[in-house]
Each structure stands twice: as structure tokens, then as C-alpha cells.
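A short write-up of the structure that comes next.
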Amino acid sequence: MTQIVLASGSVARSAMLERAGVAHRIDVSRVDEDAVKRAMAAEGAPPRDIADKLAELKGLRVSARNGDALVLSADQILVCKGQMFDKPRDTADLREQLRTLRGQSHELLSAAVICEGGRPVWRHIGRAQLIMRSFSDTYLEEYIAEGAAGLLDTVGGYKLEEKGAQLFSRVQGDYFTVLGLPLLEVLGFLRARGILTE
């Protein structure tokens, strides 16, 4: 039976797969994401290409040490007014990011790549458009106080599946893409490969 390996330490991605009935194990890839982003941005690469390349690099690294397993890797990038956002470094950075995104529309790009035998065999980039409402500073401080530690692990500093839903007035696009993995497309590939029942 083909093994599925998730090349990510993301609790949310692993939980999505588990809830969807996809047995997997985790083998976290170590890639210098900041260096790759800086180099590609300096060359004028669009955000979607950066997300795709980061997902591919993570998958290739883990695939090289996992034989014939299917290795699923992913990366997510947030773009607002042409600026790319990363995970907040600390609470002050979290506060600044949320203030910048407040009242604005932004795009989430969730790239997924599946590698087998040390090469990519499938890829997809999910897109979602989110509009943050113009919440008060009081709400912002309450939100940060309640969940600051966990919010530092998310691009943009929010979790839509939790109280972060209150930050938004509108979300257009696939819910799973917002959470960091275009799950339905991944499941479609696994069915096509005969790993999941048609």
C-alpha cells in the first residue's frame, strides 16, 4: 500500500487530512523559506510562483528520503496590495499585520505539490479572496490577548476556523485553501491514483 507523507509540521494540514480519512505520517522538511522568497522576489517572481516553488522544494527534500511514498507538501502566501506577508515574528508584528489588513481585501495562495520517487507528479494552487472588516482597536487587542501564541503560526495572524472568523466581512473561495491546503484537489488526485475509493 502506498504511504502518504505530509512534509509539513502544520497541525491544521495534518488535521484536515485526518478528518478526511487520509492516513499519513509527518516528515517535516527544513527549507530556508526566507532566503528563497527574497531571491525569487528580487527576480520579480509572482507570489503564486514563490508559493509553488517553496512547496516543491519541501516535497523534493522529503521525497528523497522516503522512497516510493507520495509526499504532500504545501506553502501559503498572503498578498495585500502587492505586498507579501509572512507569519508574524512576535505579538507586535501580529498587531501591525492585522492593522495593515484591517478594512482591506487580500488574497491567500495555497500551493500543494505531491512528489514521488524524488520528483513532482502533481501540483495545484488554490486561491481565496478575503475582506477584513474595519474592526475596532478594542476588538483587535481582545483578539490578540485571547490567541496570540497560536496566531504566530499562521500567515496573516488569524485562524478562520476559530475566532478569526469575526475579523472578516466576506470570504470568496475554497475554505480549505484558506486553512492552508487545497484539500478537495488533493483528494481528487488520491482517488485518481486509486489510493482513495472512487
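The values are calculated or read from the model by the stated rules, or taken from the named source; none is laboratory data. Please read these numbers as outputs of a predicted model, since none were measured by experiment. Note that each Cβ is placed from the backbone with ideal geometry, even for glycine, and that neighbours are counted across all protein chains shown. Just the protein is used for accessible areas: all its heavy atoms, side chains included, with ligands, DNA and RNA removed. Shrake-Rupley method; radii C 1.70, N 1.55, O 1.52, S 1.80 Å.
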*Return the carbon/sulfur percentage of the accessible area of the chain, one whole number, probe 1.4 Å, all protein chains in place.*
47 percent
*Using a 1.4 Å probe, what is the accessible area per residue for segment 94-158, in Å²?*
41 Å²
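Cα gyration tensor of segment 115-198, axes a ≥ b ≥ c as square roots of the eigenvalues: rounded (a/c below 1.5), prolate (a/b > b/c) or oblate? Display every interim value, and only then the final one.
Numbers: a/c = 3.20, a/b = 2.41, b/c = 1.32.
Verdict is prolate for segment 115-198.
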*asked:* Please report the net charge: other residues with Cβ closer than 13 Å to the Cβ of Thr100, K and R +1, D and E -1.
replied: +1
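Take the cross-link list Lys53/Lys163; Lys87/Lys163; Lys37/Lys163 and give me the ones stretching past 25 Å between alpha-carbons. Display every interim value, and only then the final one.
On the way: Lys53/Lys163 31 Å; Lys87/Lys163 18 Å; Lys37/Lys163 30 Å.
Among Lys53/Lys163; Lys87/Lys163; Lys37/Lys163, the Cα-Cα distance tops 25 Å for Lys53/Lys163; Lys37/Lys163.
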